[in-house]
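See structure below.
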Amino acid sequence: MKKILVTGGTGFIGSHTVVELHNAGYEPILIDNFSNSERSVLQGIKNITNKDFSFYEADCNDPNTFQSIFREHKIEGVIHFAAYKAVGESVKVPLKYYNNNINSLINLLESMLKFEVNNLVFSSSCTVYGQPDSLPVTEDAPIKKAESPYGNTKQICEEIIVDTCAANASLHAISLRYFNPIGAHPSAEIGELPLGIPGNLVPFITQTAAGIREKLTVFGNDYHTPDGSCIRDYIHVVDLAKAHVKAFELLDKKTAGFYDFFNIGTGKGSTVLEVVKGFEKVTGKNLNYWVGPRRPGDVEKVYAAVDKSSKELDWKTELDLETALIDAWRWEQRLQQK
Ligand code: UD1
């Protein structure tokens, strides 16, 4: 069974990807330092898969981390999720983001080259496009100046991978540019665990519905969109997780020095108010919300062109927004029982 190392394996996207790798016949090996997750996620993964995967509580910035794992296991490929991702915090403490997100990738690549681990899938973000000139945004759209140090780390990391692949014919890599991952595993065994007050829309919605937050602020209704609120491409985290399995299948077929990047979204944009109303409809709960000012740094609208990923990765989404909102709500209710 092929072993895939998953850094950030207990995180939101990492944990769902571990489950999908297992479903596709791979053996995931996990690393996490629990900087933004919890040990209980391992139990959630076990409850779904009935398996105890190898797990290392370790820091990706420590060169020994990868070297000892690569010595112990024959690893076919790595999915590198581990990174800080709070946009607002990255503006306040940029060096924390540059240090962690960039050094961990360099560390990983150096160890991969040394131990001849040749396949890498990197977690990137649609944030690299900024506000695109035309929509849906295609992969060949120009990369805009990053809005935040977090976004800049994604751009820099993609460039580091391009240069490393160009210089090392043995290496194959794919960057996946995620749009807005939401939802949870349908079993409600794993899901998103926001630290403190959620910055992202859907966890804020579910916490408001659960009574943890008093009310949701919709950040602006004066954008140039049908109802005035921002448009994003919300993708079910299980669909997103499956894209990583497809990325490995593609890397397996490729020859030396291959690098490419793909949009991972649904291709459909939804406004903030559509998400709010969709949530009320599928859960039957009234959400306490008001329209407040715009949030600085928000782009007006962005959604993915998915032609390239559907054709070349042979991947497309299967779950809709309503399903994602039902699953997110089921997960929030499970958290309340804990
Ligand atoms: C953000 C990041 C993105 C990152 C992603 C990680 C920016 C500009 N982008 O995406 O780079 O990969 O998080 O999860 O920060 N909203 C509200 N009220 C809320 C929260 C959000 O109205 O309480 C609105 C926002 O204004 C936005 C939409 O909901 O229009 C989605 O926001 P969010 O979930 O934070 O994601 P992004 O900002 O799109």
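Tabulated results
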quantity: Residue list for the range 1-37, restricted to those being under 17 Å from the mean Cα position of the chain (by Cα) and acidic (Asp, Glu); calculated: Glu20, Asp32
quantity: Any pair with Cβ under 8 angstrom, 6 or more apart, that starts in the range 251-272 at a residue that is among the acidic types (Asp, Glu) and ends at one that is open to solvent by 40 Å² or more (accessible area, probe 1.4 Å); calculated: Asp260/Glu312
quantity: Residues within the range 111-160 that are outside any helix (DSSP H, G or I) and either over 19 Å from the mean Cα position of the chain (by Cα) or within 16 Å of the ligand (Cβ to nearest atom) (or both), tallied; calculated: 25
quantity: Close pairs (6 angstrom Cβ cut-off, 6 or more residues apart or separate chains): without any contact (Cβ under 8 Å) to a residue 40 or more places away in the chain in the range 130-148, within 13 Å of the ligand (Cβ to nearest atom) and among the hydroxyl-bearing types (Ser, Thr, Tyr) anywhere; calculated: Ala141/Tyr129
quantity: Meets criteria (at pLDDT below 95 and either within 13 Å of the ligand (Cβ to nearest atom) or buried (at least 21 other Cβ atoms within 10 Å of the Cβ) (or both)) for Gly228; calculated: no
quantity: Scope the range 189-211; condition surrounded by fewer than 16 Cβ atoms within 10 Å (Cβ to Cβ) and either at pLDDT below 95 or touching a helix residue (DSSP H, G or I) at 6+ places or on another chain (Cβ under 7 Å) (or both); matching residues; calculated: Leu195, Gly196, Ile197, Gly199, Ala210
quantity: Verdict on Glu76 being away from the ligand (no atom under 16 Å from the Cβ) and either over 30 Å from Gly196 (Cα atoms) or touching a residue at least 40 places away in the same chain (Cβ under 8 Å) (or both); calculated: yes
quantity: Residue within the range 167-174 that is without any contact (Cβ under 8 Å) to a residue 24 or more places away in the chain, out of contact with any helix residue (DSSP H, G or I) (no Cβ under 8 Å at 6 or more places or on another chain) and in a loop (DSSP other than H, G, I, E, B) present; calculated: no
quantity: Number of the exception - Gly297 against (1) of a type in the set (Gly, Ala, Ser); (2) over 21 Å from Thr127 (Cα atoms); (3) out of contact with any strand residue (DSSP E or B) (no Cβ under 8 Å at 6 or more places or on another chain); (4) within 16 Å of the ligand (Cβ to nearest atom); calculated: (2)
quantity: In the range 28-52, residue farthest from Gly77 (Cα to Cα) [restricted to those that are free of Cβ contacts under 8 Å to residues at least 40 places away in the same chain and buried (at least 18 other Cβ atoms within 10 Å of the Cβ)]; calculated: Leu42
quantity: In the range 68-92, the residues that are surrounded by fewer than 20 Cβ atoms within 10 Å (Cβ to Cβ), touching a Gly at 6+ places or on another chain (Cβ under 8 Å) and assigned to a loop (DSSP other than H, G, I, E, B); calculated: Ala86
quantity: Cβ pairs under 9 Å, 6+ apart, first in the range 1-20 and among the aromatic types (Phe, Trp, Tyr), second in a helix (DSSP H, G or I); calculated: Phe12/Val237
quantity: Within the range 7-48, tally of residues that are in a helix (DSSP H, G or I) and β-branched (Val, Ile, Thr); calculated: 7
quantity: Flag if Lys215 is more than 23 Å from the chain's Cα centre (by Cα) and under 30 Å from Thr283 (Cα atoms); calculated: yes
quantity: Lone unmet requirement of (1) more than 16 Å from the ligand (Cβ to nearest atom); (2) part of a strand (DSSP E or B); (3) not hydroxyl-bearing (Ser, Thr, Tyr) for Asn99; calculated: (2)
quantity: Selection from the range 281-296 of residues that are open to solvent by 40 Å² or more (accessible area, probe 1.4 Å) and either of a type in the set (Ser, Thr, Tyr) or out of contact with any helix residue (DSSP H, G or I) (no Cβ under 7 Å at 6 or more places or on another chain) (or both); calculated: Lys281, Gly284, Tyr289, Trp290, Val291, Pro293, Arg294, Arg295, Pro296
quantity: Any hit, the range 187-207, residues being under 13 Å from Val276 (Cβ atoms), more than 12 Å from the ligand (Cβ to nearest atom) and either more than 13 Å from the chain's Cα centre (by Cα) or outside any helix (DSSP H, G or I) (or both); calculated: no
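The values are calculated or read from the model by the stated rules, or taken from the named source; none is laboratory data. Keep in mind that this is a model prediction, so the values were computed, not measured. Because the Cβ atoms are built from the backbone with ideal geometry, glycine has one as well, and the counts that use them run over all protein chains shown. Side chains are part of the model used for accessible areas, which takes the heavy atoms of the whole protein and leaves out ligands, DNA and RNA. Shrake-Rupley method; radii C 1.70, N 1.55, O 1.52, S 1.80 Å.
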